[in-house]
Amino acid sequence: MATSNRICLQCGTPLAPNETLCSKCGARYPEPSNIDAMQPATTPNQGPFYPGPSQVGSTSSTLSNSSYGNTSFSMGGQSLPPLVLPNAEYNQPSQTIGAGGIANIQENQPLPTATPARKTPKIWLMLGLLLLILVLLGSSLYFVLNRGKSGTPTGTTTGHITATSSAGPPLFSDNFADNSKGWSTGSGSGYSSTIVNNMMTLSEANHKIIDEPIPGNTDVPATFTDFSVTTTFTILKADQNDSVGLYLRGDENLNQGYFIDIFGDNSYDIVKVFPDANRDTFLVSPTSSTDINPVGQQNKLTVIMKGSKMVILMNDKVMNSISDNGYTNGQIALFAENGTTSNGINVTFSSVAVYPAPNQLPG
């Protein structure tokens, strides 16, 4: 006799083959179509399969009361992927839940650490810094090498003074190669003026003055206002009262102007001459100077006249500087004067040149 395998799904009471209502709880048994859908899985020669302790393991009671109680873990025994529960600390082994319960699947394996990327050198930044350093070093070197240097010089330094060069072409110049300039040379009793062997020679033995004005046009001496005149000369014979030098801003009769006297004893003076000789005045009294070379040696005399200013240089050294509101224009002459105590003076001139007065007077 066959045994019915129908049971009440509500209370589990066995039901007769044709019984549709449970005699115990009164629950309706589902239709056959619904029974097939809800029938537990079976295997050949076996009854219904319900997972028991041997299939679920010792933790089945714990799982049925957990948050997984309404899942297939407690109802159908269906196989699901294992669930990994991470521990709070990463250095502890992780756990997994499967058919056999919770099991360790990792053994103290440290988390992989990220390897920092290699820092490549910032070559352009390095090159920029190097270039900046080179520029700074070059600027510092330039400053050190040029420290103390001034701009374009206005003159040349000689000894302890600055002789200012005149700009532009000369107003007059002669090196006495010949008498093409038209000097008033000649000779007479006790005096002579000659141009021979690239020199003008003046000789005077009458206790007078022999002079040679710078020639102009049509036998008339040239006149100058502001100028710089330089002459080179050598005194061959003279005593302390004989002199040679320049006559400046004068008239044709030597009755007015300025005399710059260089004496045979290495002294000099500056005299302002008037038409009335009794008024002649020393602007600089006879004064000895080591800047003057002795008799027999060449000297270079420069006089700059600009307005009321007069600067005298001997051998490119400032010997004196004065101011006078007297004469403003006149001729320039070379001269030699025989004093009262000698039997004559003899001097040679090797050059003379006149330039416009410089913008800046030497100090």
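Overview of results
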| item | result |
| --- | --- |
| Per residue accessible area in Å² of the range 235-340, where ligands, DNA and RNA are left out and the probe is 1.4 Å | 41 Å² |
| Of the trypsin sites (Lys or Arg not before Pro) in the range 167-250, those whose Cβ has at most 16 other Cβ within 10 Å and which sit in DSSP loop | 181, 208 |
| Cα-based Kirkwood hydrodynamic radius, the range 266-350, one decimal, Å | 14.8 Å |
| Cα centroid of the range 221-274 to Cα centroid of the range 328-347, whole Å | 7 Å |
| Prolate/oblate/rounded label for the range 217-363 (Cα gyration tensor, a/c 1.5) | rounded |
| Cα gyration tensor shape for the range 162-279, rounded if a/c is under 1.5, else prolate or oblate | rounded |
| Phi-based couplings in Hz for the range 212-218 (Karplus 6.51, -1.76, 1.60; Gly and Pro marked x) | 9, x, 5, x, x, 9, 6 |
| Entries of 208/300; 208/237; 272/309; 272/306 with Cα pairs more than 20 Å apart | 208/300 |
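The values are calculated or read from the model by the stated rules, or taken from the named source; none is laboratory data. Predicted model only: the values in this text are computed from it and were never measured. As a convention, Cβ positions derive from the backbone with ideal geometry for all residues, glycine included, and neighbour counts pool all protein chains shown. For accessibility, only protein heavy atoms count, side chains too; no ligands or nucleic acids. Shrake-Rupley method; radii C 1.70, N 1.55, O 1.52, S 1.80 Å.
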